[in-house]
Amino acid sequence: MKRFYVDTNIWLDLAFERKDGLRPLGELAFTFFKKCMRNKWQILYSDLVLKELEKEISPSEIEKRCFGIISRKDQLIKVKSTLKQMHEAKRISTKEKVPWADAMHAIIARDNKAVIVSRNFHFENLSKIASVYLPDEI
């Protein structure tokens, strides 16, 4: 079974139906999530994703505008992070010159045997830790 750790930016694309001038990012995110449901692939998120989402959207709106798209709740899985992962993320973020949160997302994905789905360019520096794809590449 395929597992995808979905980065915050993809959830925000969906919630706000964002566009980047060329592409309908919200629509591409929606298509990705529908494909996951159709194929019974797992969608993973973490407390860190929730914390980042809550900077932009209320918890009740997160449930409605983001997670509400997932009709089968057994496909939406919250994964935990550890202190060990946090320390590793600090080390990697310094070495690779990326934000700590991005290193943490990569480590969480790796440790949960998941592919990262993101539009964040920082993950290019973290490809040794976890595979990263755009939602439209899945």
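Here, each number is a calculation from the coordinates, and none is a lab measurement. Nothing here was measured: the structure is a model prediction, and the numbers come from that model. Don't worry about glycine lacking a Cβ; one is built from the backbone with ideal geometry, like all the others, and counts go over all protein chains shown.
Just tell me which aspartates and glutamates come within less than 20 Å, Cα to Cα, of Lys95; anything on the same chain fewer than 8 places away is out.
Of all the aspartates and glutamates, those that pass the test against Lys95 - Cα under 20 Å, at least 8 places apart if same chain - are Asp111, Glu124.
Using a 10 Å cut-off around each Cβ, can you sort Ser93, Ser127 from fewest to most neighbouring Cβ atoms?
On the way: Ser93 20, Ser127 11.
Sorted ascending by nearby Cβ count, the order is Ser127, Ser93.
If you average over every viewing direction, what projected area does the convex hull of the Cα atoms of the chain give, in nm²?
One quarter of the hull surface, i.e. the mean projection, equals 7.9 nm².
Can you tell me the relative contact order of region 97-138? Whole percent, Cα pairs under 8 Å, sequence separation 6 or more.
Contact order relative to length: 41 percent.
Which GluC sites (Glu not before Pro) in region 73-138 pass both tests, a DSSP loop state and at most 11 other beta-carbon atoms within 10 Å? Please list the in-between numbers first.
Values: sites: Glu88, Glu96, Glu124, Glu137; in loops: none.
Filter output for region 73-138: empty list.
How high is the relative contact order of the chain, in percent, with contacts defined as C-alpha pairs under 8 Å that are six or more residues apart?
Computed value for the chain: 29 percent relative contact order.
Of Lys34/Lys97; Lys64/Lys90; Lys40/Lys84; Lys2/Lys80; Lys64/Lys128, which ones are farther than 29 Å apart at the Cα? Don't skip to the answer; put the middle values down first.
Numbers: Lys34/Lys97 34 Å; Lys64/Lys90 33 Å; Lys40/Lys84 31 Å; Lys2/Lys80 19 Å; Lys64/Lys128 34 Å.
Violating the 29 Å limit, Cα to Cα: Lys34/Lys97; Lys64/Lys90; Lys40/Lys84; Lys64/Lys128.
Per-residue ellipticity at 222 nm for the chain, helices alone: DSSP H runs ≥ 4 residues times -39500 (n - 2.57), over residue total, nearest 500 deg cm²/dmol?
When only DSSP H runs of four or more count, the value is -12500 deg cm²/dmol.
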